[in-house]
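Below is one structure; the comments refer to it alone.
The values are calculated or read from the model by the stated rules, or taken from the named source; none is laboratory data. Since the model is a prediction, treat every value here as computed from it, not as a measurement. All Cβ positions, even for glycine, are placed from backbone atoms using ideal geometry, and neighbour counts span all protein chains on display.
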Amino acid sequence: SYNVRIVYFLILIVFLAGLAAGIFYFGIQFYSTWELAIASRLQANILDIQFKEKDYLRRLKENEGVTLIFVGDIMLSRGVGAQIDKRNDPRYPFLKVAEVLQNADLAFGNLEGPISNRGKNQGSKYSFRAVPKTVAGLKYAGFDVLSLANNHIMDWGGDALADTRELLIAYGIAPVGAGVNSEEANAPAILKLHDTRIAFWAYTTLY
């Protein structure tokens with residue numbers, strides 16, 4: 001009858017409401033437990049990192065450590081490039097600092113512009129591009145890692161950027177922070193000093 005169907009319908013509504021409430025309650029409990037587990041794991045990781053850092057610093061002190069040098073922009077175009085051409089010596093910009101850089105276990109710098117004979121000027125008011133022979137000067141100076149993540153690396157487009165990476169790698173210098181795709185641009189440069197591996201990333205907010 002009509003009344004019986006109403007009763008069954010009300011019973012179904014009550015059952016579904018109870019089921020939903022139960023799922024919601026147990027869902028909250030599960031989420032809270034999961035969130036607590038994640039937080040505990042993160043805390044454990046942080047403590048583990050802090051312990052490893054202290055242990056690493058202790059080992060460095062006992063072994064007299066390693067020397068890392070970081071320098072700022074290295075621009076080998078325009079006036080600097082003219083001086084290199086005048087003297088026909090790509091080492092010229094580094095003659096007074098090479099000894100310091102070479103004596104470090106690792107030297108890192110920011111290469112402010114591409115190194116290539118190819119590409120198209122992208123139209124910037126200050127557009128940099130150094131000639132390939134300047135890589136020999138960077139190698140002479142003792143650079144091990146060079147960041148390409150800056151506001152001038154694309155001054156002459158993708159071809160010049162690709163040439164820059166290839167030239168640096170050919171001379172045993174690790175490029176970081178730019179590449180032919182996102183995966184390559186975000187990949188770290190990993191160098192080993194004694195028994196320790198150090199990873200470098202480089203980023204810019206411009207692209």
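When residues of the range 81-112 are filtered for being at pLDDT 95 or above, surrounded by fewer than 17 Cβ atoms within 10 Å (Cβ to Cβ) and touching a strand residue (DSSP E or B) at 6+ places or on another chain (Cβ under 8 Å), how many remain? Selection size over the range 81-112: 0. Pairing residues of the range 182-202 that are surrounded by 14 or more Cβ atoms within 10 Å (Cβ to Cβ) with residues that are among the hydroxyl-bearing types (S, T, Y), at Cβ distances under 7 Å and at least 6 apart in sequence or on separate chains, gives A202/S147. Remark: pairs (first residue in the range 133-156, in contact (Cβ under 8 Å) with a residue 24 or more places away in the chain; second residue of a type in the set (D, E) and not in a strand (DSSP E or B); Cβ separation under 6 Å; 6+ apart in sequence or on different chains) = N150/E112; H152/E112. Close contacts from the range 70-89, counting a first residue that is without any contact (Cβ under 8 Å) to a residue 24 or more places away in the chain and a second that is of a type in the set (A, V, I, L, M, F, W, C) and assigned to a loop (DSSP other than H, G, I, E, B), with Cβ to Cβ under 6 Å and a gap of 6+ residues or different chains, come to none at all.
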